[in-house]
C-alpha cells in the first residue's frame, strides 16, 4: 500500500476512536444533566445531521487542496472538544453550547472522512483499488464496533471532562502529523475555473453537480427510497440514549449498530445480482420488523440481537446500492439492477 495511504489509514483509525468517545460522552452528558427525552433526541439528531448534510460538502472537497481540508478538519475537532472540556471544568457547559460544538466537530469529521475517501482513488493503483477500499471499509466498521462497545465504559472510568480533553490533544496531534507528513495534492481536481469568491465558486460547483444528478431519473427514484430510510433510521438512532439506562448500555447499542453495519457490508458483494425492485421492499419490511422488535423486548441481549439484524439488513441494501467496490455511485449499475 502507498505510504501516504498508510498514513491516512493510521490517522483515520485514531480519529474514528476519538469520534466515538467524544460523541458518547456528549450524548450522555445531556442525558444525565437534563433527563429530558426531547433534548436527548435533539442531541441524537444533531449527531446524525452532518451525515445528512454531507452532500453540501462536495463542492468544497472537489475544488480545494485535500491536505489543507484534512488538517483544518482536525483542528476544528480539536478546538471544539477542547472548548467542551474547558466549559465542563468551569461549570459553564450548557446544552445549547455543547450541541453547537458537537455539530461543528461532527461536520468536520464527516468532511475529513469524505476527503480521505477521494485520496484513496488518487493514491491507490488501479489494480489495488478494490483491496485498498476493503482495508479502509473493514477498518472503519471494525473500529466502530470496538470503539462504540468500549466508549460507555471509558466515560464511566475517566469522566466526561477528561475524555473531552484527551480527544482534543489526540485530534490536534493527528492534524499536526498530517500537516508535516501528508503530501499536498492539486486543487481544483475537476478543472473548474475560479470566479473570484468562495460563495460564487461554491454555487457554480453545486449547481453543476445538481444538474448532472437531476438527469438520472432511475437513480433519483432509488435515492428517494434511501432518503426515507435514512430519515426514519436517524429518528430511531436519535432516541437510543433515551432508551438506554446507562452509558455502558448506550455504547452496546451503538456497538450492535456497528456489528450490523459490518455484517451487511461484508455480505452485500455476494448478492449484487439481485434486482433492486425486489430487494428494497423485502429488506425494508425486515428492517422495520427487527427495529420495532428490538425496542419492545425486555431483554437487553435480545434487543441487541434484533437491533444488530436491523442495521445489518440496512447496510446490506446500502452497500449494494452504492457499489462499494468502485467507491462511487454509478447510474450504469443502477440501471442494470432495476
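The numbers here are math on the coordinates, done by the rules we state, and not lab data. Because the structure is predicted, anything quoted here is derived from the model rather than measured. Cβ sites come from the backbone with ideal geometry, for glycine too, and all protein chains shown count toward neighbours.
Can you tell me the relative contact order of region 1-148? Whole percent, Cα pairs under 8 Å, sequence separation 6 or more.
40 percent
Using 0.36 nm times the number of residues separating residue 285 and residue 129, minus their current alpha carbon distance, what extension gain do you get?
Numbers: separation 156, 0.36 × 156 = 56.16 nm, distance 3.42 nm.
Full extension from residue 285 to residue 129 adds 52.7 nm.
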Q | Segment residue 292-residue 33, extension gain: residue separation times 0.36 nm, minus the distance between their alpha carbons | A | 90.4 nm
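Say R0 is 35 Å: what FRET efficiency, to the nearest 0.05, do residue 184 and residue 90 get from their beta-carbon distance? Walk me through the numbers before you get to the answer.
Details: r = 39 Å, r/R0 = 1.10.
E between residue 184 and residue 90, to the nearest 0.05, is 0.35.
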Q. Taking Cα atoms of region 1-184, Rg/Rh with Kirkwood Rh, to two decimals?
A. 0.98
Q: Just order 57-63, 22-28, 3-9 by mean Cβ neighbour count inside 10 Å, highest at the front, would you?
A: 22-28, 57-63, 3-9
Q) Rg to Rh for region 58-136: what is it, with Cα atoms only and Rh by Kirkwood? A) 1.15
Q.
Compute and list, largest first, the equivalent-ellipsoid semi-axes of region 24-93 from the alpha carbon gyration tensor, each √(5λ) rounded to a whole angstrom.
A. 29, 18, 6
Q: Quickly work out the residue 51-to-residue 204 label distance, labels modelled 7 Å from Cα along the C-beta direction, and quote it in nm with one decimal.
A: 3.4 nm
Q. Which peptide among 65-72, 46-53, 13-20 comes first, and what is the full order, when sorted by highest mean count of other Cβ atoms within 10 Å?
A. 13-20, 65-72, 46-53
